[in-house]
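The values are calculated or read from the model by the stated rules, or taken from the named source; none is laboratory data. Remember, it's a predicted structure, so these values are computed and weren't measured experimentally. Cβ: placed from backbone, ideal geometry, glycine included. Neighbour counts: every protein chain shown.
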Amino acid sequence: MKEFDEKKNLKNIEKKLLSNLSKNEIISKAFKYHLQGNITEASKYYEFFINQGFKDHRIFLNSGEILKDLGRLKEAEIWIRRAILLKPDYAIAHNNLGNILRAKNKLKEAESCYCKAIALNPDFTKAYYNLSTLTFTDENKIWQKKLFSESFRKNKSKNDQFNIFFARANILHKRKNYKESAKCLKLANQLKISIHPSNSDSLIKKSKLLLNESNKANLNLTKQKNNPQSIFIVGMPRSGTTLVESIISMNSEVLDLGEINAFERSFKEWKAKKGKVNLFDLYMQRINKELKSIITTNKWLYNYQYSGIIASQIPNSKIIHCYRNPLDNILSIYRTNFANDNEYSSSLIDCAIIYLDHKQIMKEYKKRFPENIYDLNYDVLVTNPDKEIKSLINWLGWKWNKAYLKPHLSKRSVFTASDVQIRSKINSKSIGGWKNYKEMLKPAMEIITKIDKYKDLKY
């Protein structure tokens, strides 16, 4: 009760302090915290601004973006639509609304939003890229002429230029012009890595540190078997994790959390408190303590680095490790224009190094926690879904339901790089796609083939 009163008093003090600020001061502080990545503080200012009845299209847009990142798409859509009402010619808002609509499987509406953004700002390269990832309709293909025109690149920033080349690569790939697509991909990634250097070294270092952390004896706690399952879907980007989450989410008792970086943040808090509190409790508080009675899925990919800690600290945890043909995986990563956290994706060499590091670290965790970790081969899954999905459901200890074979019918929102593909029936179309980019992939192939296990791949 005392703790509750203290929190209430702190909130009242915050309100008084905020009420002494002018409208412009609130906006300035909100934007400052947002740019610093301090979402908690930014949200306080955004919320106070809106509650005071102030109106500014930028505030509504930014609040909507925060809600979107938290997976609260319904609320996010409301705020961004309000931003558009305040400023109908706001191209960024139309583009961002398109992102939310595509996550909700409203692809035609999303396409219209991107086209609207381009109509308002013909040089808005991000909207062109977003359009290039859709199965666009014929009547809107006019934007492609602009995208491929030589004049379009003139006086553009490096950020805009790599968006242009990624978009062109997507269009050329759809046309099966893989040679020209490869050229655009190289240019796109060269530009991108010059702005956002690869983070491969820090990722490998982190893997080793967490492996050592998981070796500590005090991590091995007694598990409470009566807890519902906490399912962690891990692996490289573009390895089939979104498909697996969609399959599992066909179970009505499952709540999919999506790509939520809750465990890492909980772990850091746990370390800061020197293990004086329970890591599981910290994790549940972060995702919502009321979920202790619900099966959850967490698809933050880099939880693979925390697999040992998850297996030993989270009661009744299940880890599904997704992997696929290394070259198909590397190609898919290299073709994706990630927003952040995957800077190594612009280097084929670093993609190969991270792939092998991730595989080795998971091999080690599988030895130590065989009951907690399930290896799922994406290629086998899409080739023989009936058999592989039944095997997965059996491992989870669930009752079989034919609905698991039709994840494309799921109504759930998806906000990942696979948000469009996941709406199609399970298929094996992407298997062997690396062969179309064989020449481009040579740097990655040289690294992969140095590992004995991969020398039997037919290149």
Count of residues meeting criterion [free of Cβ contacts under 8 Å to residues at least 24 places away in the same chain and buried (at least 19 other Cβ atoms within 10 Å of the Cβ)] in the stretch 118-151: 0
Residues of the stretch 77-117 satisfying the condition of being surrounded by 24 or more Cβ atoms within 10 Å (Cβ to Cβ) and either without any contact (Cβ under 8 Å) to a residue 12 or more places away in the chain or aliphatic (A, V, I, L, M) (or both): ILE80, ALA83, ALA93, LEU97, ILE100, ALA110, ALA117
Exclusive hit being out of contact with any Asp or Glu (no Cβ under 8 Å at 6 or more places or on another chain) and not assigned by TED's automatic domain parsing to the domain that holds ASN261, set ALA103, ALA93: ALA93
Any hit, the stretch 322-336, residues being touching a strand residue (DSSP E or B) at 6+ places or on another chain (Cβ under 9 Å) and within 27 Å of ASP160 (Cα to Cα): yes
Considering residues of the stretch 42-51 that are out of contact with any Ser or Thr (no Cβ under 6 Å at 6 or more places or on another chain) and touching a residue at least 12 places away in the same chain (Cβ under 8 Å) only, the residue surrounded by the most Cβ atoms within 10 Å (Cβ to Cβ): TYR45
Selection status of LYS276, closer than 20 Å to GLU253 by Cα and among the basic types (Lys, Arg): no
VAL420, sole failed condition from (1) surrounded by 18 or more Cβ atoms within 10 Å (Cβ to Cβ); (2) at pLDDT below 95; (3) closer than 29 Å to GLN190 by Cα: (1)
Scan of the stretch 259-304 for residues that are in contact (Cβ under 8 Å) with a residue 24 or more places away in the chain, of a type outside the set (D, E, K, R) and touching a Lys or Arg at 6+ places or on another chain (Cβ under 6 Å), ordered by number: ALA262
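A quick yes/no check of all residues on (1) among the aliphatic types (A, V, I, L, M); (2) part of a helix (DSSP H, G or I):
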residue: PHE166; (1), (2): no, yes
residue: LYS176; (1), (2): no, no
residue: LYS179; (1), (2): no, yes
residue: ALA182; (1), (2): yes, yes
residue: ASN189; (1), (2): no, yes
residue: SER194; (1), (2): no, yes
residue: SER198; (1), (2): no, no
From PHE162, PHE152, residue being aromatic (Phe, Trp, Tyr), in a helix (DSSP H, G or I) and under 30 Å from GLU77 (Cβ atoms): PHE162
Failed condition for ALA169, given (1) at positive phi; (2) surrounded by 13 or more Cβ atoms within 10 Å (Cβ to Cβ): (1)
Verdict on LEU243 being touching a residue at least 12 places away in the same chain (Cβ under 8 Å) and more than 23 Å from LYS387 (Cα to Cα): no
Filter result for GLU77 (among the acidic types (Asp, Glu) and touching a Ser or Thr at 6+ places or on another chain (Cβ under 8 Å)): no
Any pair with Cβ under 7 angstrom, 6 or more apart, that starts in the stretch 195-207 at a residue that is buried (at least 19 other Cβ atoms within 10 Å of the Cβ) and ends at one that is small (Gly, Ala, Ser): SER198/SER346; SER198/SER347
Unique match (being touching a helix residue (DSSP H, G or I) at 6+ places or on another chain (Cβ under 8 Å), buried (at least 24 other Cβ atoms within 10 Å of the Cβ) and outside the structural domain of VAL380 (by TED's automatic domain parsing)) among ILE310, ILE330, ILE319: ILE330
